[in-house]
Amino acid sequence: MERVALVTGGAGNLGLAVTAAFLDAGWRVAVPVHGGPGDGLTELASRHEGRVTWFAADLSADDGAEQAVAQTVDWAGRIDAAVHTMGGYAGGHSIPETPVEVWDRMMSMNLRSSFLLARAAIPRMGKGGALVFVASRAAVSGRKDHAAYAVSKAALLTLTEAIAEENLGGVRANAVLPGTIDTPANRAAMPGADFSSWTPPEEIARVVLFLASQESAPVSGAAVPVYGQS
């Protein structure tokens, strides 16, 4: 039986690579989108007919994750993994200079959304289900001038560990910690950087796929560095 994954942010730079990795591995993939699917997701759908779907969902709303999980189960009859690539970044502020609005936005985008997805997905998964979160290298080092972002990602690691502890022998939860991801947006934002040291989205996607797959069945509560050469 084909396994089924829900990939939030699955039309974005990292999410699209994750979606492609799961499809290439034989999974079916559901992608909640805010707006249209974009050319990348549409192209994947043409290459993997009937094995990928998308639907409108507002994952910042209290019931948005519940609706996304329900629509995935309605479409595929099950959900085996939920991968949360959705999130946001804000930096450039010391702690005294950080606006409260920025702090709250980082906590909402990176932590609250992860909690809502976990709360919705865990009851719908059977034994062997997997949650995979995208944290950040900043969760463990390099927090200067982006504390709100770093703290939200560090708290996400604690959430991951809590889920693992609460579900021993059941649903697993793990997180990846990318360094700088080699995306067009990051290249445009940092044109003088050494791009060769950054990690391509496709390489991160392979780690995410492993953590969602049965090959990693003994692994739960892990924070896996994916730093590339940086």
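The values are calculated or read from the model by the stated rules, or taken from the named source; none is laboratory data. Bear in mind that the values here come from a model prediction, so they are computed numbers and not experimental data. Cβ atoms come from the backbone with ideal geometry, glycine included; neighbour counts cover every protein chain shown. Heads up: the accessible areas ignore ligands, DNA and RNA and are worked out on the full protein's heavy atoms, side chains in. Shrake-Rupley method; radii C 1.70, N 1.55, O 1.52, S 1.80 Å.
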Lone qualifier among Arg143, Arg78, Arg124 - being under 20 Å from Thr53 (Cβ atoms), in contact with a helix residue (DSSP H, G or I) (Cβ under 6 Å, 6 or more places away or on another chain), among the basic types (Lys, Arg) and open to solvent by 60 Å² or more (accessible area, probe 1.4 Å): Arg124
Residue count, the range 60-87 (criterion: touching a residue at least 60 places away in the same chain (Cβ under 8 Å) and either of a type in the set (Asp, Glu) or farther than 29 Å from Glu2 by Cβ (or both)): 1
Subset tally (residues that are farther than 21 Å from Ile204 by Cα and buried (at least 19 other Cβ atoms within 10 Å of the Cβ)) for the range 156-186: 4
Condition met for Arg172 (in contact (Cβ under 8 Å) with a residue 12 or more places away in the chain, more than 22 Å from Ala154 (Cα to Cα) and within 15 Å of the chain's Cα centre (by Cα)): no
The listed residue being more than 22 Å from Val73 (Cα to Cα), modelled with pLDDT under 95 and within 12 Å of the chain's Cα centre (by Cα), out of Ser136, Ser141: Ser136
Qualifying strands (runs of 3 or more DSSP E) (wholly inside the range 121-230; at least 1 residues being under 26 Å from Asp62 (Cα atoms)): 130-134, 172-178
